[in-house]
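Asks: My structure is below; once you've seen it, I'll send some questions.
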Amino acid sequence: MKKLIVANWKMNLPALKPWKGFRVQKKTEIVICPPFPYFQNVKGNLPGFKLGAQDVFWEKSGAYTGEVSPAMLKSFGVGYVIIGHSERREWLNETDEMINKKVKAALGAGLKIILCVGESWVVRKRGVSAAKNFVKNQLARDLHDVKNKSGIIVAYEPVWAIGSGHSDKPSDAAEMARFIKSLFASSKSKIRLLYGGSVNDKDAASFLHYKEIDGALVGGASLKVRELKKIITQSYHN
Ligand code: PGA
């Protein structure tokens, strides 16, 4: 399976000039998720990269100030959307119920969703099975009543690893990846599984090397062109 590298730029716009001339090889899929107003900059400057959004709303249109619908994203050439990022869960009080509505609306509109799940440090301290249990329950709530699982990409992002400079142990992330995939074993469509949380150019290969891990969701390191290029290159060899 092709590896998938998703760059989550959060509320940042890195310089795009240094990308000139960089061509993505067909064996990897690269998705850039810039802030909404910068889709055009990415389209114009990074040919060969796909476009993703960092969030979406569940309604089609109406009086929802500040929100963007799945169809609006699609009309801009956006194919992917991150849903349930822990920063939104934590700071904006996004609930599983809201995430579930977003998941259904985005899938219904034909977008691929990158659903972020992961345990806090408080949970992880209790052990691996507590973390697995947490993630299992989170997935059950976020995907409640979602019949067709095609187009679902799950990003396992332990909350304590995000932006901390301390990524998970690759073998632990692979174990969680195996576990998450086993939860979808009875579903007809296979999900793809990404690891996210402080992935950088030094350790990306050690995650991508596991066959259970189909790619990476990269935050901070994706803002540095040299680092992201190195991560992309490592994905060619895994
Ligand atoms: P990070 O962010 O790579 O900076 O830890 C990952 C994410 O928030 O998706």
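The values are calculated or read from the model by the stated rules, or taken from the named source; none is laboratory data. Model, not experiment: these values are computed from the prediction. Note: ideal-geometry Cβ built from the backbone for every residue, glycine included; neighbour counts use all protein chains shown. For accessibility, only protein heavy atoms count, side chains too; no ligands or nucleic acids. Shrake-Rupley method; radii C 1.70, N 1.55, O 1.52, S 1.80 Å.
Asks: Considering the options Val122, Met98, Gln25, tell which one lies farthest towards the positive end of the dipole of the chain, charges being +1 on Lys and Arg and -1 on Asp and Glu at the Cβ, about the Cα centre.
Replies: Gln25
Asks: If DNA, RNA and ligands are ignored and the probe is 1.4 Å, what is the ranking of Tyr195, Tyr236 by accessible area, most exposed first?
Replies: My answer, sorted largest first, is Tyr236, Tyr195.
Asks: What Rg and what Dmax come out for region 1-71 when only alpha-carbon atoms are used, in angstroms?
Replies: Answer for region 1-71, Rg first and Dmax second: 14.0, 43 Å.
Asks: Restricting to DSSP loop positions (anything but H, G, I, E, B) with no more than 14 other Cβ atoms inside 10 Å of their own Cβ, which GluC sites (Glu not before Pro) remain in region 13-117?
Replies: Passing sites in region 13-117 are Glu59, Glu67.
Asks: What percent of all Cα-Cα pairs in the chain falls into each 5 Å bin, going from 0 up to the bin containing the maximum distance?
Replies: Bin by bin from 0 Å, the calculated values are 1, 7, 15, 20, 21, 18, 12, 5, 2, 0.
Asks: What aspartates and glutamates does Lys10 reach when the alpha-carbon gap must be under 19 Å and sequence neighbours fewer than 8 apart in one chain are set aside?
Replies: Asp55, Glu67, Glu87, Glu90, Glu94, Glu157, Asp201, Glu227
Asks: For a quick check of understanding: with a 1.4 angstrom probe and all protein chains in place, what accessible area in square angstrom does His144 have, to the nearest ten?
Replies: It works out to around 110 Å².
Asks: Counting only protein heavy atoms and using a 1.4 Å probe, what share of the accessible area of the chain belongs to carbon plus sulfur, as a whole percent?
Replies: Carbon and sulfur atoms account for 54 percent of the accessible area of the chain.
Asks: Per DSSP H run of at least 4 residues, take -39500 (n - 2.57); add these up for the chain, divide by its residues and hand me the 222 nm value, nearest 500 deg cm²/dmol.
Replies: Working: 9 runs with 82 residues, N = 238.
When only DSSP H runs of four or more count, the value is -10000 deg cm²/dmol.
Asks: Continuing with this model, one more query. Name the residues whose placed amide hydrogens come within less than 5 Å of the amide hydrogen of Lys50, ignoring near sequence neighbours (fewer than 5 apart) on the same chain.
Replies: Ile30, Val31, Ile32
Asks: I need the Kirkwood Rh of region 25-111: take the reciprocal of the average 1/r across all distinct C-alpha pairs and report it in angstrom.
Replies: 13.7
Asks: Now, a different point. Using a 1.4 Å probe, what is the accessible area per residue for the chain, in Å²?
Replies: Numbers: 11510 Å² over 238 residues.
With all protein chains present, the chain gives 48 Å² per residue.
Asks: Quick one: among Gly21, Gly66, Gly110, which has the greatest mean-square fluctuation in a GNM of the chain with alpha-carbon springs under 10 angstrom?
Replies: Greatest mean-square fluctuation among the candidates belongs to Gly66.
Asks: Taking K and R as +1 and D and E as -1, what net charge do the other residues with C-beta under 10 Å from the C-beta of Glu67 add up to? Spell out each step's value before the answer.
Replies: Values: positive: none; negative: Asp55, Glu59.
With Lys, Arg at +1 and Asp, Glu at -1, the net is -2.
Asks: Scan region 81-187 for trypsin sites (Lys or Arg not before Pro) in coil per DSSP, keeping those whose Cβ has at most 10 other Cβ atoms within 10 Å, and list them by number.
Replies: Counting only loop positions with at most 10 other Cβ atoms within 10 Å, the trypsin sites (Lys or Arg not before Pro) in region 81-187 are Lys147.
Asks: So, one more: What list of ³J(HN,Hα) values in whole Hz, one per residue of region 221-237 in order, does the Karplus curve 6.51 cos²θ - 1.76 cosθ + 1.60 (θ = phi - 60°) give from phi, with Gly and Pro shown as x?
Replies: 5, 7, 8, 9, 3, 4, 5, 5, 4, 5, 5, 4, 4, 5, 5, 5, 9
Asks: List the chymotrypsin sites (Phe, Trp or Tyr not before Pro) within region 52-87 that DSSP assigns to loop and that have no more than 15 neighbouring Cβ atoms inside 10 Å.
Replies: Passing both the DSSP loop test and the Cβ count: Tyr64, Phe76.
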